[in-house]
Structures are given as C-alpha cells and as structure tokens.
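The values are calculated or read from the model by the stated rules, or taken from the named source; none is laboratory data. Given the structure is predicted, the values throughout are model-derived calculations rather than measurements. Every residue, glycine among them, receives a Cβ derived from its backbone with ideal geometry; neighbour counts consider all protein chains shown.
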Amino acid sequence: KSLGIALVGLGSYSNGQLGPGLLKTKHCHLAGIVTGSPEKVPQWKEKYNIPDKNCYSYEDFDTIEDNKDIDIVYVVLPNAMHADFCIRAAKAGKHVICEKPMAVSVAECDAIINACADANVALGVGYRMQSEPSTDRFKEMIATRKYGKPHVVTADAGYVSRGNPDQWRLDKSLAGGGALLNMGVYAIQGIIYAAQELPISVTAQEFSTDPSYYNDTDETITAQFKFASGTVGSIITSHNAKGDRIFASCENGWIELDKAHSYGVIRGKTSDGTVIDSGPQSQQALQMDDFALHILKGAVNKAPGSMGKRDMIICEAIYESIAQGGKEIMLTLS
Ligand code: NAD
C-alpha cells in the first residue's frame, strides 16, 4: 500500500522539494493539495494527477476528514500557522507531518502532540537529515567511537535572506523568530547527533550587522552548550551569513560534514582522509518514505513530535539566555 499525502501550503518548499520528492517515494504519493491560492491548483492537478475532489482551500480543509485518499497531511506553511493546521489535521483523523520548526513555542508543540495522541494518529517533523545516509554515517562514526569520544562539537546553519524585507521569515508574528527558528534548529540537531547526548545547559548571544533590515527577528545568534559527559558544543546561525557545517573534534581525530543540511549531496571528511558522501538523494523522499513505513510497518519514527518539542525547548532557552544577558540556562531534556 502507498499512503496518500496532502500538502498544505504550496510555497517554495512544496513546489521545489516535496512535490518532486513525492514522485520518487515508494510508500507514499501526492494525493491532495490544500492552498489559499486557487490560481496554483490547475498546474498542481496536472503535474501530479490530482483529482478535483482532493483539492482544498484553507476554509474547507476540515472536510478532508471524509477523504479516504488522504492518509497524511503535511503542513508546509509559515511557522506560526503550523499548530492550527496540524491540530485540525489530527482532528480530521489524518496522520501529520509538520515542517520545521515544529511551532513557535513549546506550548504549541504540546498542543500538536496532544491533538495527535488524542486522535491516535502519528506525528512527524520535517527533519529530512534524520533520514539522510551521509548523516547516518557521521552519527555511526561518533556512536562507534571511530575517532574516540567527541570533545568539542560545532555546527553552523545559515543563509543570506536579503532582497525582500516583507518576507514572512522576517516577520515575528508569522515566523515566531528569525535565524534561530529557521536554520538554528539544524545546528541544534547537528550538535546533538555529533555529541550523541542531550545538552544540560546553554548560554547564548545575539548580534546584528544590519538592525534596520533585521528589525523584527534575530539575524545572528551564537550559543554554547554543556553536555553531562564533559563534551562542549557551540552553534552559530544567521539570516545574514551562509553556514552549512557540523564538526566533531574527538579524542583521536575529527569528523566533519561540510555540506551538512543543504539539499542534494551531503558530504564530509575525517582526519584520516575518509570521505563521507552518499551521493545525490532526495532527502525529502527518504524522509516521507520513512514516515510512511512508520505508519505502515511500525518502523521507528525518526523525527517524532517529541524531537520537535525538544528543539523548541532549546530555542526558548536560547532566547531566555539572550534576554538575560547571556546567563547560563539549565536544560532538562528527554
Ligand atoms: P514560502 O513562503 O515559499 O511558502 C509559504 C506558503 O504558505 C505559500 O504558499 C503561501 O501562500 C502560504 N501562506 C499562507 N498564509 C500565509 C501568510 N499569512 N503569509 C505568508 N505565506 C502564507 O515558504 P516555504 O519555504 O515553503 O516554507 C514553509 C515551511 O516549510 C516553513 O515552516 C519552513 O520552515 C519550512 N521549510 C522547511 C525546509 C526543510 O528543509 N525542511 C525547507 C524550506 C522550508
């Protein structure tokens, strides 16, 4: 059986990555669309062979409950809209994939998790790197202590989001935050799988080179983490600088992904010259197939709602540290 997915929000990520990815999946397929832009419907219907009855607006979305073609609703809207649509999808009895960041607060993450639990539906977060083979290899090298215990782990995630000052990503009411919620979650994920443990505290600082452009959301944030084993971590995330790297400095060498979360090829190298490169992949196809197999065969949910909530707890602690002038904030994570 192949599960039917409905994409909610037909913006650049759905259009450029998820739709094409769903042409490569084996265990799920694009069965429906939900959009606030009726002019987009004809091209999607034609490209993906979607019948009229599987095309919804935001207003009639809840009637998706009666549609047997749709098993999974995938919410790909601005961050502040995730919770509303994920909760409505769960109430309609559909399994849910929620894009990253899972929501704009821990309270919203809890509301999504509870709605999915009440409806007895599965919940996944769009963390595509959790299904990506080079990333798995990086994690395995750390787990098997190929180069010994990681002592220092660092991750950078960012890009330059200039050009359109009115984009929703710079608007706190729609994005919930700036670089941290957009790209910082990748860096947080990166140091956690580089350390292979959860941080016990964080300190953080915010910087801006252009406060007039980045006037509503964070431009650049750095944060430092302590882990119980003694490992130390740091991240830098920015909406005004490129960053795409995860580095683990271990007892007897180092491991680096120098393309760590961009689309396409994820690659890296190690201190003894080993190359990490699993070739071009549709990370999105792998991610959606993994989620479908979780539903169909009980395979592990590689990016569950609890992981999205965990990262939001860390983001809130980072903002709290910044608000308190860089104070160390203790974390209790599971
Ligand atoms: P986008 O701006 O290209 O698309 C957003 C979509 O939401 C558009 O179709 C737009 O019409 C719709 N929308 C509905 N109400 C809106 C409103 N009030 N303001 C603005 N747009 C509104 O954004 P995107 O890049 O597709 O991002 C969507 C989500 O996907 C975000 O949560 C983002 O973090 C996530 N994303 C994840 C990845 C990833 O690698 N996992 C990559 C890109 C985006």
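Worth pointing out:
- Taking the criterion of being without any contact (Cβ under 8 Å) to a residue 12 or more places away in the chain and either within 12 Å of the ligand (Cβ to nearest atom) or within 25 Å of residue 106 (Cβ to Cβ) (or both), the residues of the stretch 156-182 that qualify are 164, 166, 167.
- Filter pass, residue 56 being more than 18 Å from the chain's Cα centre (by Cα), surrounded by 13 or more Cβ atoms within 10 Å (Cβ to Cβ), under 24 Å from residue 121 (Cα atoms) and modelled with pLDDT of 95 or more: yes
- Within the stretch 256-300, if we keep just the residues that are polar (S, T, N, Q) and within 16 Å of the ligand (Cβ to nearest atom), the residue that is farthest from the chain's Cα centre (by Cα) turns out to be 281.
- Qualifying residues in the stretch 58-90 (those that are within 11 Å of the ligand (Cβ to nearest atom), of a type outside the set (A, V, I, L, M) and not in a helix (DSSP H, G or I)) - the one nearest to residue 119 (Cα to Cα): 74
- Selection count where residues are of a type in the set (S, T, N, Q) and more than 15 Å from the ligand (Cβ to nearest atom), scope the stretch 95-118: 1
- Which listed residue is free of Cβ contacts under 8 Å to residues at least 60 places away in the same chain and buried (at least 19 other Cβ atoms within 10 Å of the Cβ), from 221, 246, 191, 235: 191
- Residues that are hydroxyl-bearing (Ser, Thr, Tyr), assigned to a loop (DSSP other than H, G, I, E, B) and surrounded by 15 or more Cβ atoms within 10 Å (Cβ to Cβ) within the stretch 194-212 comprise just one, 208.
- Residues in the stretch 121-151 that are of a type in the set (A, V, I, L, M), crowded, with 17+ Cβ neighbours inside 10 Å and assigned to a helix (DSSP H, G or I): 129, 141, 142.
- Residue check, residue 18 under 11 Å from residue 74 (Cβ atoms) and either modelled with pLDDT of 95 or more or assigned to a helix (DSSP H, G or I) (or both): yes
- For the residues 213, 147, the requirement of being away from the ligand (no atom under 13 Å from the Cβ), touching a Leu at 6+ places or on another chain (Cβ under 9 Å), more than 29 Å from residue 5 (Cα to Cα) and at pLDDT 95 or above singles out 213.
- Within the stretch 79-95, if we keep just the residues that are surrounded by fewer than 24 Cβ atoms within 10 Å (Cβ to Cβ) and without any contact (Cβ under 8 Å) to a residue 60 or more places away in the chain, the residue that is nearest to residue 186 (Cα to Cα) turns out to be 83.
- Scanning the stretch 96-129 for residues that are over 26 Å from residue 188 (Cα atoms) and touching a helix residue (DSSP H, G or I) at 6+ places or on another chain (Cβ under 8 Å) returns 118, 119, 121.
- Residue in the stretch 119-141 that is aliphatic (A, V, I, L, M), within 13 Å of the ligand (Cβ to nearest atom) and touching a residue at least 40 places away in the same chain (Cβ under 8 Å) present: yes
- Failed condition for residue 112, given (1) closer than 30 Å to residue 265 by Cβ; (2) of a type outside the set (Ser, Thr, Tyr); (3) at pLDDT 95 or above: (1)
- Complete set of residues in the stretch 274-310 that are outside any helix (DSSP H, G or I) and either of a type in the set (A, V, I, L, M) or at pLDDT 95 or above (or both): 274, 275, 276, 277, 282, 298, 299, 300, 301, 302, 303, 304
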